[in-house]
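To keep things clear, I will list the structure first and then write my remarks on it.
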Amino acid sequence: MDIRIKATDYELTPQVEEYLTQRIEALRKFIGDKEDVTRCEVELGRDAGRPRHGDNLYFAEIRIISPGESAVYARNNSESVNGAIDDVKEEVERQMRKSKRVSISFIRKGGALAKRLMRWGR
């Protein structure tokens with residue numbers, strides 16, 4: 001998986017980068033066999049649109065683009081960078097789980113339909 005990290009109004013430290021990499025590694029199990037052609041774009045930073053003294057000061061965005069599938073995108077704000085990373089990772093994971101469940105459901109329903117059609121043809 002090609003991981004691209006961008007920092008906006010924020011100095012990316014090695015500790016935060018390592019933490020982010022660990023969180024993204026947990027998403028690999030949902031990608032499957034398209035891992036070599038999948039791109040993960042991550043943006044971390046300070047939120048410039050809001051007052052800089054508010055509670056949700058940092059943001060994290062993750063976009064996962066895989067050919068043949070719809071892109072998964074999530075953004076979240078939090079008081080800390082690590083909190084924003086955790087929250088956005090959970091949201092992306094939820095979306096990927098839902099997408100996987102839907103595709104498995106379509107496969108099962110398609111197989112059941114084919115089986116019914118084969119019985120009907122006798």
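The values are calculated or read from the model by the stated rules, or taken from the named source; none is laboratory data. Keep in mind the model is a prediction, meaning the values are calculated, not measured. Counting neighbours? That spans all protein chains shown, and the Cβs are built from the backbone with ideal geometry, glycine included.
Annotations for the structure displayed:
- Failed condition for Ile64, given (1) in contact (Cβ under 8 Å) with a residue 60 or more places away in the chain; (2) aliphatic (A, V, I, L, M); (3) touching a Cys at 6+ places or on another chain (Cβ under 7 Å): (1)
- Some residue of region 11-23 being outside any helix (DSSP H, G or I) and surrounded by 14 or more Cβ atoms within 10 Å (Cβ to Cβ): yes
- Failed item in (1) over 22 Å from Arg101 (Cα atoms); (2) hydroxyl-bearing (Ser, Thr, Tyr); (3) modelled with pLDDT under 85, with Tyr58 passing the rest: (3)
- Whichever residue in region 1-50 is of a type in the set (Phe, Trp, Tyr) and at pLDDT below 90 and, among such residues, is farthest from the chain's Cα centre (by Cα): Tyr10
- Residue, nearest to Cys40 (Cα to Cα), within region 72-122, restricted to residues that are surrounded by fewer than 17 Cβ atoms within 10 Å (Cβ to Cβ), in contact with a Phe, Trp or Tyr (Cβ under 8 Å, 6 or more places away or on another chain) and charged (D, E, K, R): Arg75
- Residues of region 36-48 that turn out to be surrounded by fewer than 13 Cβ atoms within 10 Å (Cβ to Cβ) and either β-branched (Val, Ile, Thr) or outside any loop (DSSP other than H, G, I, E, B) (or both), as a count: 1
- Gly83 vs. criteria assigned to a helix (DSSP H, G or I) and free of Cβ contacts under 8 Å to residues at least 12 places away in the same chain: no
- Whenever a residue of region 1-18 is over 11 Å from Val81 (Cα atoms), its partners that are assigned to a loop (DSSP other than H, G, I, E, B), lying with C-beta atoms within less than 8 angstrom and at least six residues away or across chains, give the pairs Met1/Thr38; Asp2/Thr38; Ile5/Leu12; Thr8/Ala48; Asp9/Ala48.
- Of all positions in region 97-109, none carries a residue that is part of a strand (DSSP E or B) and free of Cβ contacts under 8 Å to residues at least 24 places away in the same chain.
- Scanning region 94-112 for residues that are out of contact with any strand residue (DSSP E or B) (no Cβ under 9 Å at 6 or more places or on another chain) and modelled with pLDDT of 85 or more yields Arg97, Lys98.
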